[in-house]
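A short reminder: the numbers here are calculations on the coordinates, not readings from a lab. A quick note: this is a predicted structure, and the numbers were derived from the prediction, not measured.
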């Protein structure tokens, strides 16, 4: 079986974050770690992207306009195409206070250690269902 080109073999992350600066920093961080990153500004935009692709991981903020992270999570879990894609829910408030946080595979409190975030992302990507 021929090897995939490196560009195609990199795991794909859908990053859903409404704050431009955070979105850009995380995009650079994950690309430096060898991931491909597709960006969305809110849950509604994230769902539109999911209509066209199935990522290896979805990372979503909790508090966003249009459709928040839990609303996105609920829609993802109902969609048979993407329901098994691991989801990391990030929040600037303690995640235990976020109703619906249990739908996520993992949670992360914004402002935490980047090393911890990268370790969580790597573990979730490793657990992603591959076709």
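Based on Cα contacts under 8 Å between residues 6+ apart, the chain shows a relative contact order of 21 percent. Most simply put, region 11-127 has about 0% antiparallel DSSP beta bridges, counting only bridges with both residues inside it.
For the pair residue 119 and residue 20 in one chain, pulling the backbone fully straight at 0.36 nm per residue adds 33.3 nm over the alpha carbon distance. For a test of the definition: using alpha carbon positions, the gyration tensor, and the 1.5 limit on a/c, classify region 11-127 as rounded, prolate or oblate. In terms of gyration-tensor shape, rounded.
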